[in-house]
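The block underneath contains the structure these notes are about, expressed in structure tokens.
Nothing in this text is a laboratory measurement; each read-out follows from the coordinates by a stated rule. A quick note: this is a predicted structure, and the numbers were derived from the prediction, not measured. A quick note on method: Cβ atoms are made from the backbone with ideal geometry, for glycine too, and the neighbour counts reach across all protein chains shown.
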Ligand SMILES: [Zn+2]
């Protein structure tokens, strides 16, 4: 007689298999997979002829780091490539959050405006967000612990991922950068004049990406989140947070589509110089 696998009450074999599929993530601050998580992890693997999820990127973060802030692509075009992402506006005029097919500009004066299709961007990343992994946070966590847990949760360090983290933030610290004039200073210099906000008890969504180390010459080989409050009253580039509770959704991205600016200034940038340290300083504020 065959022995059935011993499973805790309430766990089906499907659930056990699902855990294997997602790499038996140590749940720590996560709840065991709920109904959504049971379905999602297999979506990417199960499709008969899987069409890989695409991340579209305009320009590169090292180019932005060097001070290339000329808008070269309209948000109308960006939104044709994806409904979920982040970026900035021509002349580095604030932080952009793209959520639900709309692009929102978080200006350094705190105003949040919906971007018109004709407005241009010097840097943006988008995808059509369809998560293939999901988890629910069961206990409060700070940003450092959240990153560590995501590191363990992600099936591979070799792929780009998109993240939606929707929840209640007991505190959140964001920033935005002021519009620049030419000659443009490098990003690390601009962030010295950034506006920083810190709020308590805000409901909203972190929209983010993580790129693998080998794409560090075109993006940030780290987590990068922009925040938008549910009521669109607050937002910006994430510096720190305390997440009270929330739902994490992850999309695995296996197709990278990059469009480079048609610009003599871009062509003349010295992109041989490593911008990783400068970008880390500019994006983490440390
Ligand atoms: Zn950012």
Taking neighbour counts of Cβ atoms within 10 Å as a proxy for exposure, in what order, fewest first, do 164, 171 appear? 171, 164
The relative contact order of region 137-200, taking Cα pairs under 8 Å that sit 6 or more residues apart, comes to a percentage of 33
For Cα pairs less than 8 Å apart in space and 6+ apart in sequence, what is the mean separation divided by the residue count of region 202-268, i.e. the relative contact order in percent? 22
The residues 125, 98, 165, sorted from fewest to most surrounding Cβ atoms within 10 Å, come out as 165, 98, 125
How large is log10 I(q)/I(0) at q = 0.09 Å⁻¹ when the Debye formula is applied to the Cα atoms of region 87-222, each weighted equally and without solvent? -0.31
Contact order relative to length for region 169-286, counting C-alpha pairs under 8 Å separated by 6 or more residues, stands in percent at 30
Between the alpha carbon centres of region 169-231 and region 71-145 the gap in Å comes to 10
For region 103-145, just say rounded, prolate or oblate: build the C-alpha gyration tensor, square-root its eigenvalues into a ≥ b ≥ c, call rounded for a/c under 1.5, and beyond that prolate if a/b exceeds b/c, oblate if not. oblate
Give the order of 86, 146 when sorted by the count of other beta carbons within 10 angstrom, beginning with the fewest. 146, 86
Run the quick spin-label model on residue 102 and residue 230: label points 7 Å from Cα toward the beta carbon, then report their separation in nm to one decimal. 1.5
